[in-house]
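The values are calculated or read from the model by the stated rules, or taken from the named source; none is laboratory data. A quick note: this is a predicted structure, and the numbers were derived from the prediction, not measured. As a convention, Cβ positions derive from the backbone with ideal geometry for all residues, glycine included, and neighbour counts pool all protein chains shown. To get the accessible areas, we keep the full protein, side chains included, count just its heavy atoms, and leave off ligands, DNA and RNA. Shrake-Rupley method; radii C 1.70, N 1.55, O 1.52, S 1.80 Å.
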Amino acid sequence: MLQNKGLLEKELLVERNKFKSESELLEEISSLLQANEVARQTIKNAIREKSSTDFNDFNFDLLESDKIFHLTQIRSVCVSYRLRFLDSSFFKEAIPEEAVSKIHALEKKHQTTLQGFKIMAPTKAFDLLSYDDPLLFAPIGNDYYYLIHQWGNDINPIRKWKVKPFKNLFNFVVFCLVISLAITFLTPENNLSKSVPMASIIIFLFAFKSIVAVLMYAFFMMGKNFNTAIWDRKYFNN
């Protein structure tokens, strides 16, 4: 067995064999790997199962402050980028092995079993009930959450501006006003302004009414809602 081995490697093998045979060593390693696989599968099951837990027994002294976020801060980001913050049981995509490893390491470090996982991600990443970049959290308690892992590409900053008109009712109305002003400015009045007083105002009001009606109808008929209303909802059409 020692043929074609380097000097130091030979020395290591000799020292190892003083304590354990090769078969004993392989058996021990196999047991360790099996135990590790059982622990990882338990974590995967915990992520996929529904849980009402809103508290985990973290060791406060071991927490990293830059990974602790309050629910109000999470809500603000979700509303700005039109994301949802839901139980991990609704997440339909695969959980990366790296995230499982980080949970496993946290559990060993804090001597606890983590539960009640939450994920922040776009609506399409969830399997929602019917009536681009996930972040995995575990609850600390009192509406505080600990960020465990983020995967995928980072959210494009443009997304924040694309979904801004649907952030709330005020933004939606302002968006309609801007579009109406643009239509009014681009509409040629010709001789209309001579025969009809305040023709520009009439065009603007007509455009505004039409745009609001069409967009609101299309928006709600598609089962959509404003960012402020959906960020923590588990229903697709509510």
Sort out which residues of the range 75-97 are of a type in the set (Asp, Glu) and either open to solvent by less than 20 Å² (accessible area, probe 1.4 Å) or closer than 21 Å to Thr53 by Cβ (or both), and write them in order of number.
Asp87
Cβ-Cβ distance below 7 Å, separation of 6 or more or different chains: which pairs start in the range 135-163 with a residue that is at negative phi and aliphatic (A, V, I, L, M) and end on one that is open to solvent by 70 Å² or more (accessible area, probe 1.4 Å) and in a loop (DSSP other than H, G, I, E, B)?
Ile155/Asp132
Only one of these conditions is not met by Asp54: (1) closer than 30 Å to Lys224 by Cα; (2) open to solvent by 80 Å² or more (accessible area, probe 1.4 Å); (3) in a helix (DSSP H, G or I). Which number is it?
(3)
So which of Phe170, Phe175 is at pLDDT 85 or above, out of contact with any strand residue (DSSP E or B) (no Cβ under 9 Å at 6 or more places or on another chain) and open to solvent by 90 Å² or more (accessible area, probe 1.4 Å)?
Phe170
List the number of the failed condition for Val100; all other conditions in (1) among the β-branched types (Val, Ile, Thr); (2) open to solvent by 30 Å² or more (accessible area, probe 1.4 Å); (3) farther than 28 Å from Lys224 by Cα; (4) in contact with a Lys or Arg (Cβ under 6 Å, 6 or more places away or on another chain) hold.
(2)
In the range 147-167, residues that are at pLDDT below 90, farther than 18 Å from Phe219 by Cα and β-branched (Val, Ile, Thr) total 2
